[in-house]
Amino acid sequence: MTDSPSRIAVMSDVHGNLEALTSVLADLDAQGVCRVVNLGDMVGYGPEPEACVRLLRERGVPSVLGNHENGLVEAQARGWFNPQAKKALDRTRALLSDDSLMYFRTLPRTLEVAGALFVHGCPPGLVSKYLYELDLDALRETFTLYDQPLCFVGHTHELERISLREGCLQRKPLGKGQCGLDPQARHIVNAGSVGQPRDGNNKAKYLIWEPERQRLEVRFVTYDIARTAARIVEVGLPTVYADRLW
């Protein structure tokens, strides 16, 4: 297929899952999408963090800072993690090069691409805040903290669209396939997870965004879960992260 510069792939939460990442990249290549933005958490939980970071960097994919990258380079940020996640973070550190850790220190908390805001956790620039922690009033307040009509986030590993139009707030899960974005509304879109979905479907997820047509497509991609799960155990990460993939 011929690439259209008006189509942008949005991915998040790869979490060291190389099998899922390579399958997603192959899928977006087949769709003819060359522009990609990553919403952070390239590492953590998964068995091949270094390979994932290198692949994304080699392809020139811009990324924002995720809470797992932040936890690896900022001691204060480690306090956010529970004991099991800290154990995974320690093991992930041993699997990463010093060069990748230095790269994490260069990652911005936000990006703006094609008029949209990109952040890992919660706009306007929070890395560790979960959207599901916000009630309706807090969500309305969040929309007042930044100017862009559209914001993409990750972090929850779930697919969701939050829309605000004339004071009316709507939250809806996103399913596979295409959907339009109301041009009269503002939206926060959660891109789900490539490497560890938590939405009841174990396929890798990513989005294709068409800014000019105000349209999203949610892509579900099959990958070798068994290999990733076996590698998680093999490299000494907590087995719960292998079980979650299923």
| note | Subset of the stretch 114-140, residues under 23 Å from LEU181 (Cβ atoms), buried (at least 17 other Cβ atoms within 10 Å of the Cβ) and in contact (Cβ under 8 Å) with a residue 40 or more places away in the chain, comes to ALA116, PHE118, VAL119, HIS120, GLY121, PRO123, LEU131
| If VAL43 satisfies every condition in (1) within 25 Å of TYR132 (Cβ to Cβ); (2) modelled with pLDDT of 95 or more; (3) loosely packed, with under 15 Cβ neighbours inside 10 Å; (4) not basic (Lys, Arg) but one, which is the exception? | (3)
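If a residue must be touching a Phe, Trp or Tyr at 6+ places or on another chain (Cβ under 7 Å) and within 22 Å of TRP209 (Cα to Cα), how many such residues does the stretch 123-157 contain?
Qualifying residue count for the region: 5.
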| field | Given (1) over 30 Å from TYR223 (Cα atoms); (2) open to solvent by 10 Å² or more (accessible area, probe 1.4 Å); (3) not β-branched (Val, Ile, Thr), index of the condition PHE143 fails | value | (2)
| message | For the stretch 172-190: of the residues being charged (D, E, K, R) and more than 19 Å from the chain's Cα centre (by Cα), which is surrounded by the fewest Cβ atoms within 10 Å (Cβ to Cβ)? | response | ASP182
| Is there a residue in the stretch 95-108 that is small (Gly, Ala, Ser), closer than 24 Å to VAL10 by Cβ, modelled with pLDDT of 95 or more and surrounded by fewer than 18 Cβ atoms within 10 Å (Cβ to Cβ)? | no
| Candidate set from the stretch 202-216 (those that are touching a residue at least 24 places away in the same chain (Cβ under 8 Å) and under 23 Å from TYR130 (Cα atoms)); member that is surrounded by the fewest Cβ atoms within 10 Å (Cβ to Cβ) | ASN202
| field | Residue satisfying condition, being in contact with a Pro (Cβ under 7 Å, 6 or more places away or on another chain) and under 22 Å from GLY40 (Cα atoms), within set LEU159, LEU126 | value | LEU159
| Among ALA230, ALA242, which is the only one that is open to solvent by 50 Å² or more (accessible area, probe 1.4 Å) and more than 14 Å from the chain's Cα centre (by Cα)? | ALA230
| strands (runs of 3 or more DSSP E) wholly in the stretch 111-204 with at least 1 residues that are charged (D, E, K, R), under 25 Å from SER23 (Cα atoms) and touching a Ser or Thr at 6+ places or on another chain (Cβ under 9 Å) - which ones? | none
| Any idea how many residues of the stretch 7-22 are open to solvent by 30 Å² or more (accessible area, probe 1.4 Å) and of a type outside the set (Val, Ile, Thr)? | 3
| Looking at ASP27, ASP99, ASP41, ASP90, which one is assigned to a helix (DSSP H, G or I), touching a residue at least 12 places away in the same chain (Cβ under 8 Å) and not aliphatic (A, V, I, L, M)? | ASP27
| request: Hey, can you tell me all the residues within the stretch 46-83 that are part of a loop (DSSP other than H, G, I, E, B) and either surrounded by fewer than 17 Cβ atoms within 10 Å (Cβ to Cβ) or at pLDDT 95 or above (or both)? | output: GLY46, PRO47, GLU48, ARG59, GLY60, VAL61, PRO62, VAL64, LEU65, GLY66, GLU74, ASN82
| request: Check off (1) buried (at least 22 other Cβ atoms within 10 Å of the Cβ); (2) in contact with an Asp or Glu (Cβ under 6 Å, 6 or more places away or on another chain); (3) not hydroxyl-bearing (Ser, Thr, Tyr) for CYS34 and give me the number that stays unchecked. | output: (1)
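The values are calculated or read from the model by the stated rules, or taken from the named source; none is laboratory data. This one's a predicted model, so the numbers in the text were calculated from it and none came from an experiment. Virtual Cβ from ideal backbone geometry, glycine too; neighbours counted across all protein chains shown. In case anyone asks, the SASA skips ligands and DNA or RNA and just uses the protein heavy atoms, side chains included. Shrake-Rupley method; radii C 1.70, N 1.55, O 1.52, S 1.80 Å.
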